[in-house]
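Enquirer: Got a structure here, written out as structure tokens. Questions coming.
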Amino acid sequence: PMVSAVSEVTDAIRMINQAYYELCSEYEERISRPSIGLTIEVPGVVFQLRDLAEKVDFFSVGSNDLTQYLLAVDRNNAQVASLHDAYHPAVLRALNLIAEQSAQYLVPLSLCGELAGEPAGALLLLAMGFDKLSMNGHNIARIKWVIRHVEFKRAKIILYNLLFY
């Protein structure tokens, strides 16, 4: 979380690999190396995805934090919290850019955040190409219902209209 530079990922991978090789040398049983992912929360990372895609197995967007930092709005400050808007054009365009680059670099993509648990948000995210959505358990049934009752083609049209009009 809160990664802002490729060098941070490189350092983390080095430490993970060191721990992995130490465990392998201590135990006779074959130990699987864990998948390594990146949580995208810092806007600057959006412009480094090509380099990061070569280093990690998956991307996960932390949409609440990414929205907060993209809009420079503290969602926990009552005086400005109303400006925190996951449907802001800058947020939607950033999420779409992340999804496009993930697809281009063949990196699986998920999203964790309140946007995933909202019917409109889930539809937009799936239309963008997000592979997995993480949400509170009480939202799952209604999101499943919406996904089953709205054609994917329709969701893509809605997304296009939001992004380009």
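The values are calculated or read from the model by the stated rules, or taken from the named source; none is laboratory data. As the structure is a prediction and not an experimental result, all values here were calculated from the model. Because the Cβ atoms are built from the backbone with ideal geometry, glycine has one as well, and the counts that use them run over all protein chains shown. In case anyone asks, the SASA skips ligands and DNA or RNA and just uses the protein heavy atoms, side chains included. Shrake-Rupley method; radii C 1.70, N 1.55, O 1.52, S 1.80 Å.
Enquirer: Would you confirm whether or not the stretch 78-97 contains a residue that is of a type in the set (S, T, N, Q), touching a residue at least 40 places away in the same chain (Cβ under 8 Å) and in contact with a strand residue (DSSP E or B) (Cβ under 6 Å, 6 or more places away or on another chain)?
Expert: The answer is no; no qualifying residue exists.
Enquirer: Tell me the residue from 78, 122, 94 that is under 19 Å from residue 52 (Cβ atoms) and either modelled with pLDDT under 95 or open to solvent by less than 40 Å² (accessible area, probe 1.4 Å) (or both), please.
Expert: Selected residue: 94, the only one of 78, 122, 94 that is under 19 Å from residue 52 (Cβ atoms) and either modelled with pLDDT under 95 or open to solvent by less than 40 Å² (accessible area, probe 1.4 Å) (or both).
Enquirer: Looking at the stretch 2-13, is at least one residue outside any strand (DSSP E or B), of a type in the set (A, V, I, L, M), open to solvent by 40 Å² or more (accessible area, probe 1.4 Å) and closer than 29 Å to residue 83 by Cβ?
Expert: Within the stretch 2-13, one or more residues are outside any strand (DSSP E or B), of a type in the set (A, V, I, L, M), open to solvent by 40 Å² or more (accessible area, probe 1.4 Å) and closer than 29 Å to residue 83 by Cβ.
Enquirer: Restricting attention to the stretch 135-165, which residues are in a loop (DSSP other than H, G, I, E, B) and among the β-branched types (Val, Ile, Thr)?
Expert: Result: 150, single match.
Enquirer: For the structure I just gave you, tell me whether residue 107 is among the aliphatic types (A, V, I, L, M), touching a Phe, Trp or Tyr at 6+ places or on another chain (Cβ under 8 Å), surrounded by 14 or more Cβ atoms within 10 Å (Cβ to Cβ) and closer than 21 Å to residue 39 by Cβ.
Expert: For residue 107, the condition - among the aliphatic types (A, V, I, L, M), touching a Phe, Trp or Tyr at 6+ places or on another chain (Cβ under 8 Å), surrounded by 14 or more Cβ atoms within 10 Å (Cβ to Cβ) and closer than 21 Å to residue 39 by Cβ - is met.
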